[in-house]
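Computed from the coordinates by the stated procedures, all read-outs in this text should not be read as laboratory data. Predicted model, so just to flag it, every value in this text is computed and none were measured. With ideal geometry, Cβ positions are generated from the backbone for all residues, glycine too; neighbour counts draw on all protein chains shown.
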Amino acid sequence: MISSIDEEKCTGCGSCVKTCALDVFRLDTRNEKIAPCMAACPARNDLREIHYLLQQSRLDEALDCLKLTMPFPALAGRLCRRPCERPCSRHALDESVNIGGIETFLGDRDLARALSPVPRRHIFKAAVIGAGIAGLSAAWYLTKSGFPVTVFEAGEKAGGHLRSDSVCASIIDIYAAQLQAMGAELRLECRFPLTGPSWREELEDLDFRAIVIAAGSELKGKTPCGLELSDSGRIKVDPHTFQSSVRTVFAVGDAALDNASDVLSMVSGRRAAQAVGNILQGANADMGMHVRLHTVASRDVSGMEQRSPHPAGSDGSLTLEGTLEESLRCLTCGSRAYIAYPEDCMTCFACETHCPAGAIDVDPFKEFHPRHLDRRFIGGRK
Amino acid sequence: MHATKLKTDVLIIGGGFAGLWAARQAARHVKDVLIVDKGPRDWGGLGGMSGGDMITLHADQDINEWMDEIVFFNDGLCDQLMMLDTLRDSLPRFHDYEAMGHTFTRDEKGDYVRIPQRGLTHVSLTTSAPTGKGGINMRAALLRSMEGCSVRRMGNIMITAITKDGNRVSGAVGFFNRSGEPVFIEAKAVLITAGTGGWKASYLQNSMASGCVELALDAGARLRNFEFIDNWNVPKLFAWEGQTVLLPLGGRFINNQNEEFMAKRYSPVLGSKTDTQYNIRGMVLEVRAGRGPIVFDTSRIPEECMKEVTPAAGWMKLNNDKLKELGVDFFKDKIEWMPQPIASEGGIATDLEGATGVEGLFAAGTAQSLPTGVYFGGLSICHCATSGYKTGEAIGRYAAGCNAPSFDQDQAEELLNRELSHLGRAGIAPKDIVRVTQELMAPVDVCVLKTDRGLRRSLARLEEVKHEFLPALGAEDPHYLCKMVEARGMLKLTEAYLRSSLERTESRAGHFRADHPCRDEATPLYWVEICQNGQNMVIERKELPMSDYPVKPYRYYMDQFTFPLDEIESFLR
Amino acid sequence: MISHLDQTKCSGCGTCFKTCPLDVYRLDTDQPELSPCMDACPAGTDIRKVNYLLQQARFEEALECLHETMPFPAVTGRVCPHPCEKECTRHRLDESVNINAVEQFLGDLDLDTPARVPVRRHVFPVAVVGSGPAGLSAAWYLAVAGYPVTVFEARREPGGMLRYGIPAYRLPSSVLDAYIERMKTMGVTFTCGVTVGEHASVSLHELKRRGFHAVILAPGASRGRTLPGKAGSMSGVYSALSFLAEARSEQPVSVEGKTVLVIGGGSVAADAAITAARSGAEKVHLVCLEQREAMPAMPEDIRDAEKYGISIHAGWGLDAMEEHTTGKALRFKACTSVFDDDGRFHPEFDEENTLELEADIVVAAIGQVVDAGDFSSELALSPRGCIVADEHTFATSMEHVFAAGDAVTGPATVVRAIRAGREAAVSVHHDIIGMHLNLNREGHREVVAPMPLEGLEHQRRVNRKELPADAPIMREGLDMEQAMTEVQRCLTCGSRARIAYGDECMTCFFCELRCPAGAIDVHPYKEVLPRTLEMMGGSD
């Protein structure tokens, strides 16, 4: 009968969860310390939780968790350099988990979602200039929070520089449609004269209270009226909130960042959206945005079983089966196992023998009595 | 959900100074008095956050001289009978405070420190000790004095409606604002001492959101004086209190040419030592003429007075220390100031004993309306004590002499469900409504140099917001439910302000119309009053009973100013 | 605008939460470390969380939390000796929080609302023997878990010590009956007038035959110890428990106009003495071995006894008792010490120093014994006759049989018995579904470091109102306003404050000024609002 898990020894690798045929165990993935992959992830995706949810086949919840920090996983999966995979603990054991492949799979599932209008929570409107991925990201999070949002895009379609790739272009079209289904307004072929003298007044006249400039690199060197520039000629912003020198104006993506990856561009949009929400409520722009994170040390993988990655398609993609299998390779670094359904234990010892940390104790007796002085049954339970 | 049912003889809504004074007195007449407040039980309202200075007519001062000056200061628009009562009762209440253990400042000779107000000769406030902690001490003294008497107090209850038994009040309904649990209160008489409300301008510490406006109107009471507001002059970025002391000691407002513009152009008699509403008008005209920004200059305050005005305790000291850490020195830097609509000076119309005209419903403190847009420091502290005391007596005697009304539980539940049905609903955030009201008030042609156009523009926008967003308000949790009720009240308050301002087609006291810049001498003096008909506000004029008043206006404070009419007219274009 | 709260400095006192009129703050009371009161509570109640929920008027949640460990707060709120209050941080500051009165308030509030009927989740019935606090608690938690439960009770009515040992003026029958009715609604069956044991009407074997899959024995320690020698069998001499039990019956012992002498220094002695006084005794003496300060009775019991004019003679042991025509003559010798150096009961006397008293009725409140004689052949018993049960799992020497309460520990408190009943119910559940008994039990938790008192405001404690001596109960419970006021005094030791609604802040600084730990930082710059002159273009 399962007796105990030594919390001090448990590394949260999930071997017990994955081994037990009777589903006795669960993981608690809440930990202030983040896994090495999460520390490397520019979007700070909660990869540990996402993979754990997938391990339990909770696909929609895994996707919801991913979307909290990454608005367009179908793009990120394809575009991201995957800095998460290098520090993955499995890297030292066999091969890192195919985190990018998993994200792409979830992203494709995301594209199939049908979205409905988000209930309006705010009176004041926000404007996003530019429907590249940074702008779309900002628009996505603002809309999700219940703000009325209008995205102004100079081109015929959304997507910015990503339109040059046909796969990305079609993905962006789907995301743009989802955004509109949620209630955001997308005004195409609408060039906003950011360098003109009265662009802010024009937007104020249209009753926009906050502006997110996501106009890309083309602004470089040309100052939108009233904004300070950085040394490299882009709009100068606060590194956390992406607030410009004007309180209600934010700048994201290439308009503000030098050599930003696509993922970082999307992250900047998310953070700016959060900061916009803060200032429109009258709080400081960075309210709720400073969280200290500690890394978990990469685990000692000695004693663990090797397991090759699930074969991916030629483009690196995974099937549903492949995604679920691959998620099982994740060692959910930093979580803690606990005994969830002990009464189902049938004393097979598989968890204890598989636990690389020696944290599990299974008592050899099926039912335990403190004393055996007198085993007379009151009739016995036969 | 568990419903809390309470029963009392006298229910007091609002546990600030007026409510506490009233409770003390009412408790002498009835068995049980219950105070409820939407904030913490012991916070003592805004008085607990003030400097504790009090307008007091001391024995060596002449009430007639004061009344003459006050009527002059208010340009004739003064409830003289109420003002007389307030002045007469100020000294007894002052002594009561001392008996409770509160300390008023004494100088080296042992005399009270009295600071004349607004360039007036006679009217002065008496300061509390120590500077910055007066309000806290007053609150503590009042709470101490409540021990042992049959007054019960409960905090974190938001009252949303007053219940009626026919034409008389029967109690109130509300909810605990951190749990959303319903509260039903049966009472023989109800006293509103919840203030009137304001625009959460982050000055005067936690200035009000909304107090009595909705409650009173829905109960059938009449409101008055809503065209008058506390449009207070404040530093742009941070809080600072004590203007009413700094100005008489030599503080001045100067423009970007270092001119004391009030003395130079608009206020030849008083300079900056005047009521805030006038200084603000000057500021606006200066900015319009390109001579902004306006800063507050302390360099003329004598060295020996600096100790008195430098914050020594409480939040003022902490504030000052932090500003210094940020590199801001109030007394050395050029600190930009800004007008900000803080609070309404309107209130519920009552008789001299606080009776509203709705049977069993009384009002006291800042929920009544005494000042008319021009204000001297310490008046609220004074009036809260005097009216609290007096109305407490009146309501206590009333409740002692009547039977309990019948409390209609169904009516009460229906009233409450209208609020509670919002709980958990996704909808418009209450804070957004708050910010809308702030925006509606801020334009210069709405809050300083009012014009018909500006007022109507804000009113039109208000109506839009009312129709589009009020029905869609959401409250994710009980905290937001409370804020939602407040936000609605603020919208109503703002509407009352706009409509009343439109009604008064003249300029007088704190109300200035750029399109009617003079006093209307042809019409007898009137108040602008409001009552409710269904969902609509009805605005009426009520003539002042001048024949009952001792002072017939013959001179006017506003005549001391020389605001150029042509420049003012430019605001109309 | 509120900028930052340093949780490493925060002591959880809740001052910010209780000060801010704009409701910016919340507390997190789910922390690994216990507050001192929680550590002292024998039931393991999360007093910190209950109080915090009540501070917010979240009545239902407060009750839910309380019920996790305490099924009968209206009972314990009246009878518990509240060891929590001695450890309360406020005890060091001004006066301990009136945790007991707040518990009574919640319990009475609970009884005002209809009971919730639990969903039946299990097939296997369980028997509980004894309906004192341990048995009732066990039955309660089994019922809540969805087990069909039958309670066997020897006496006519359920309640055990709660009905027959504790006087009605401390615990009115109506409160107890309300809980019994509740439990019936929850599906618990009470079978009264039935004893269980090898030679009783129902044996353990019979229970098995009837289909019960587990048994919890909670027969209590309801036999009062008698005086040694011939004194014990004199007429007019009673054990305190029989005296108290009969006081609740149709034929109480008549004390009208008589002199009653109670021997004993604990709460039971005080109960007996006060019962005699309330029943019309002309004179009541209370004589005990312990010195006044060392009397085991609660201080409020001793105060109550004095209120009734009972003469307390502390530090005397019975030497001899003789029956005369005019009544009994008792001689006491001075007791110089009660316990020896090892803490064992070993009273020493000074024979020269004596006290003579007379009485018509003598009541001996000198302890209780377990009456588990009927299980002696089936279960392991301790030398003092208690049922031997594992201290963590409450398992006895027989499979599927558990024991809890005074029958295991010897006479102890109601609250300990309630805890034991709950744990035994957990064991039964483990046993029936086939789980290791020791698994998923509450582990050890550390206690928070003592909270510094500097900067905390003194606040007067709200006490229950004392009623006149002839009132049916001694004290009135707190009403809503009193309870809500008193619970604000709780410092929720060890919780952590957080900024919950930061955008409401209006920069008044009061939270920072009043925070005793200096954990709060308010930035002096206000919220940015629309500004008149700025709108005119006239600002920097």
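What is the range A:1-124 by shape, rounded, prolate or oblate, if you read a ≥ b ≥ c off the alpha carbon gyration tensor as root eigenvalues and call it rounded for a/c under 1.5, prolate for a/b larger than b/c, and oblate otherwise? Prolate. Counting 0.36 nm for each residue step from A:H290 to A:D94 and taking away their Cα separation leaves a gain of 67.0 nm. Are there any helices in chain C, counted as whole DSSP H runs, that stretch 24 Å or more along their axis by Cα and score at least -1.0 on average by Kyte-Doolittle, and if so which? Qualifying helices: C:414-433. For the range C:1-76, just say rounded, prolate or oblate: build the C-alpha gyration tensor, square-root its eigenvalues into a ≥ b ≥ c, call rounded for a/c under 1.5, and beyond that prolate if a/b exceeds b/c, oblate if not. The shape class here is oblate.
The value obtained for chain C, namely the Cα convex hull volume divided by the number of residues, is 186 Å³ per residue. Using the alpha-carbon positions of chain A, Rg (one decimal) and Dmax (whole number) come out as 25.2, 95 Å. With viscosity 1.002 mPa s and temperature 20 °C, the Kirkwood radius over alpha carbon pairs of chain B converts through Stokes-Einstein to a diffusion coefficient of 89 µm²/s. FRET efficiency for the B:D548 to B:K31 pair, using the beta carbon distance and R₀ = 35 Å, is estimated at 0.40.
Note on the protein assembly as shown: dipole from Cβ charges, positive end direction compared against C:I418, B:N417, A:V128; the farthest Cα belongs to A:V128. In terms of Cα to Cα distance under 17 Å, which lysines are near enough to A:K67, apart from those fewer than 8 places away along the same chain? Leaving aside lysines fewer than 8 places away in the same chain, those within reach of A:K67 are A:K144. Amide H to amide H distances under 5 Å link B:Q368 with B:I348, where only residues 5 or more positions off or on other chains count and H is placed in the peptide plane.
Counting beta carbons within 10 Å around each of B:S421, C:S427, B:S145 and listing the fewest first gives the order B:S421, B:S145, C:S427. The ranking of A:D315, C:D374 from fewest to most other beta carbons within 10 Å of each one's beta carbon is A:D315, C:D374. Extending 7 Å from the Cα toward the beta-carbon at both B:Y112 and C:S235 defines two label points whose distance is 8.2 nm. Considering only the Cα atoms of the range B:232-339, their convex hull presents on average a projected area of 6.5 nm². Looking only at other chains, what is the average number of their beta-carbon atoms within 10 angstrom of each beta-carbon in B:473-479? Across B:473-479, the average partner-chain Cβ count within 10 Å equals 3. The GluC sites (Glu not before Pro) of the range B:147-241 that meet both conditions, a loop assignment by DSSP and at most 10 other Cβ atoms within 10 Å of the site Cβ, are B:E147. Between the helical axis of B:409-420 and the longest alpha-carbon principal axis of chain B there is an angle of about 50 degrees.
R0 = 25 Å: FRET efficiency of A:S302 with A:S4, Cβ-based, nearest 0.05? Write down the numbers at each step before the final one.
Working: r = 23 Å, r/R0 = 0.94.
Plugging the Cβ-Cβ distance into 1/(1 + (r/R0)^6) gives 0.60.
For the range B:57-166, the set of trypsin sites (Lys or Arg not before Pro) satisfying both a DSSP loop assignment and a count of at most 15 other C-beta atoms within 10 Å is given as B:K109. A simple count of charges around B:W66, restricted to other residues whose Cβ falls under 14 Å of its Cβ and scoring Lys, Arg +1 and Asp, Glu -1, yields -4.
Each residue, C:R292 and C:E351, gets one label point 7 Å from its Cα in the Cβ direction; the gap between the two is 3.0 nm.
Over the Cα atoms of the range A:180-316, compute the convex hull volume and normalise it per residue, giving Å³.
Values: hull volume 29.5 nm³, N = 137.
So the per-residue hull volume is 215 Å³.
At full extension, C:T113 and C:A320 could sit 69.1 nm farther apart than now, given 0.36 nm per residue minus the alpha carbon distance. Each peptide in C:104-110, C:280-286, A:123-129, B:454-460 was scored by the mean count of other Cβ atoms within 10 Å over its residues; highest first, the order is A:123-129, C:104-110, C:280-286, B:454-460.
Using only side-chain charges placed at the Cβ, +1 for Lys and Arg and -1 for Asp and Glu, the dipole size of the range B:232-339 relative to its Cα centre rounds to 320 debye. Angle of helix B:17-26 to the longest C-alpha principal axis of chain B, folded into 0 to 90 degrees and rounded to 10: 50°.
Take the Cα of B:Q409, step 7 Å toward its Cβ, do the same at C:T226, and the gap between the two points is 5.6 nm.
Per residue, the convex hull spanned by the Cα atoms of the protein assembly as shown measures out at 212 cubic angstrom.
Once the chain from B:H467 to B:A313 is taken as fully extended at 0.36 nm per residue, the excess over their C-alpha distance is 50.7 nm.
Averaged across B:429-440, how many Cβ atoms of other chains sit within 10 Å of each residue's Cβ atom? Display every interim value, and only then the final one.
Numbers: counts 11, 0, 9, 9, 1, 5, 10, 2, 0, 5, 6, 1.
So the per-residue partner count for this stretch is 5.
Global size of the range C:226-366: 14.4, 46 Å for Rg and Dmax (C-alpha atoms, Rg to one decimal, Dmax whole). Pairs exceeding a 19 Å alpha-carbon distance, out of B:K5/B:K38; B:K450/B:K552; B:K324/C:K526; B:K38/B:K431; B:K200/B:K307; B:K236/B:K431: B:K450/B:K552; B:K200/B:K307; B:K236/B:K431.
Strictly greater than 14 Å: what percent of every Cα pair in the range B:74-155 meets that?
Details: 2452 of 3321 pairs.
Everything past 14 Å amounts to 74 percent.
Take each residue of peptide A:276-289, count the partner chain Cβ atoms within 10 Å of its Cβ, and average: the result is 5. Compared with the dominant principal axis of the Cα atoms in chain A, helix A:99-111 is inclined by about 60°.
If you take the beta carbon distance between C:S201 and B:A426 as r and set R0 to 51 Å, what does 1/(1 + (r/R0)^6) give as a FRET efficiency, to the nearest 0.05? Can you show the working numbers first?
Values: r = 62 Å, r/R0 = 1.22.
Step by step, r from the Cβ atoms, then E = 0.25.
Antiparallel beta bridges, as assigned by DSSP with both residues in the protein assembly as shown, represent about 55 percent of the total such bridges.
Only beta bridges with both residues in chain C are counted; by DSSP, about 50 percent of them are antiparallel. For the Cα trace of the range B:423-570, dividing Rg by the Kirkwood Rh returns an Rg/Rh value of 1.07. Between the alpha-carbon centers of the range C:273-346 and the range B:429-449, tell me the distance in whole angstrom. A separation of 76 Å, based on Cα centres. Stokes-Einstein, applied to the Kirkwood radius of the range B:330-443 over Cα pairs at a viscosity of 1.002 mPa s and 20 °C, places its translational diffusion at 116 µm² s⁻¹.
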